[in-house]
Amino acid sequence: MDVLSGGGRDRYLLGDSAPELAHLVAQAEVYAAEARQLLDLIGIPTGARAVDVGCGVLGILHLLCERVGPDGRVVGVDREPRMIEAARRVTAERGLVVELAEQDATGLSLPSDSFDLVHERTVLLNVAEPEKVIGEMVRIARRGGVVAVQEPDSANWLCDPPHPAFGTLHQALLAAYRAAGKNFDQGRTIARRLREAGLTQVQVRATARVTRPGEYYHTFLLADVRRTGFVRPGSPVRSGRPE
Ligand SMILES: C[S@@+](CC[C@H](N)C(=O)[O-])C[C@H]1O[C@@H](n2cnc3c(N)ncnc32)[C@H](O)[C@@H]1O
């Protein structure tokens with residue numbers, strides 16, 4: 001399989017093109033239901049201080065604002081300037097009161113012991129040293145606070161009826177992350193990483209999605225490969241039944 005690396009080892013593999021920025025806003029809405037369930041489980045009081053690490057253009061900033069209310073504090077940080085620029089625009093359009101800053105999650109300029117909730121979603125798969133990000137998240141969470149992590153794992157990705165392109169696309173995606181020194185399948189590592197970072201009361205909830213034609217996740221693999229060019233033209237991958 002001929003796979004593009006997507007740039008240097010430390011760049012966000014999916015890039016910061018206009019389609020990727022638009023995709024992240026749409027994806028934030030698709031993910032919102034699960035994120036709301038997570039926030040329900042955590043139970044964030046109004047007035048809480050919350051941060052979304054690697055927030056992209058929206059992440060869960062809007063959901064955090066709903067929870068903490070006007071007396072709370074919501075911070076979003078991302079390493080990519082265009083993400084923060086777009087996040088400023090999107091949050092302003094939505095009338096959200098958030099603090100946004102360009103920061104690298106492996107070395108945050110946020111004070112220790114200062115947030116009730118520290119959240120990240122799909123950032124760890126995009127960094128070469130996820131343990132550093134978790135270390136920083138733990139550092140800035142207050143004692144007794146919550147560190148919440150949402151990461152993917154492709155262990156249960158199946159296609160029925162089987163289609164040869166599905167396996168090809170799946171392997172292309174994993175290989176692109178590996179070639180960039182990263183690992184897409186973060187989900188299985190999270191509980192261990194959180195324990196290794198010194199957290200107690202670690203809880204894990206796994207979600208399996210069953211998709212139907214027309215749904216976002218049904219074409220996720222193909223759309224990602226098309227948007228990012230992970231698979232070079234001329235490779236055996238063609239649009240097929242997964243769509
Ligand atoms: C897949 S996007 C997810 C964005 C957002 N969390 C969401 O769920 O919509 C991954 C984000 O992580 C950011 N990112 C990658 N490496 C980072 C780092 N070292 N520090 C901060 N942000 C980083 C990227 O710029 C990108 O915005």
Look through D113, D52, D71, D104 and report the one residue that is charged (D, E, K, R), outside any helix (DSSP H, G or I), within 18 Å of the chain's Cα centre (by Cα) and surrounded by fewer than 20 Cβ atoms within 10 Å (Cβ to Cβ). D104
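Here are some residues: V77, V57, V90. Which one is among the aliphatic types (A, V, I, L, M), more than 9 Å from the ligand (Cβ to nearest atom) and either assigned to a loop (DSSP other than H, G, I, E, B) or under 19 Å from the mean Cα position of the chain (by Cα) (or both)? Walk me through how you get there before you give the answer.
Values: V77 fails: more than 9 Å from the ligand (Cβ to nearest atom); V57 fails: more than 9 Å from the ligand (Cβ to nearest atom).
The conditions single out V90.
Considering only the stretch 131-151, I want to know if a residue exists there that is part of a loop (DSSP other than H, G, I, E, B) and surrounded by fewer than 16 Cβ atoms within 10 Å (Cβ to Cβ).
No.
Is one or more of the residues making up the stretch 189-208 assigned to a helix (DSSP H, G or I) and acidic (D, E)?
Yes, the conditions are met somewhere in the stretch 189-208.
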Hey, does the stretch 152-164 have a residue that's within 21 Å of L38 (Cα to Cα), in contact with a Phe, Trp or Tyr (Cβ under 7 Å, 6 or more places away or on another chain) and in contact (Cβ under 8 Å) with a residue 12 or more places away in the chain? yes
Could you tell me which numbered condition D116 fails, if it satisfies all but one of (1) within 12 Å of the ligand (Cβ to nearest atom); (2) on the phi < 0 side of the Ramachandran plot? (1)
Does Q186 fit the bill of being within 23 Å of E80 (Cβ to Cβ) and in contact with a Leu (Cβ under 6 Å, 6 or more places away or on another chain)? yes
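Values quoted throughout were computed directly from the atomic coordinates according to the rules given, and no laboratory measurement underlies them. Everything numeric in this text was worked out from a predicted model, so none of it was measured. We place every Cβ from the backbone using ideal geometry, glycine too, and count neighbours over all the protein chains shown.
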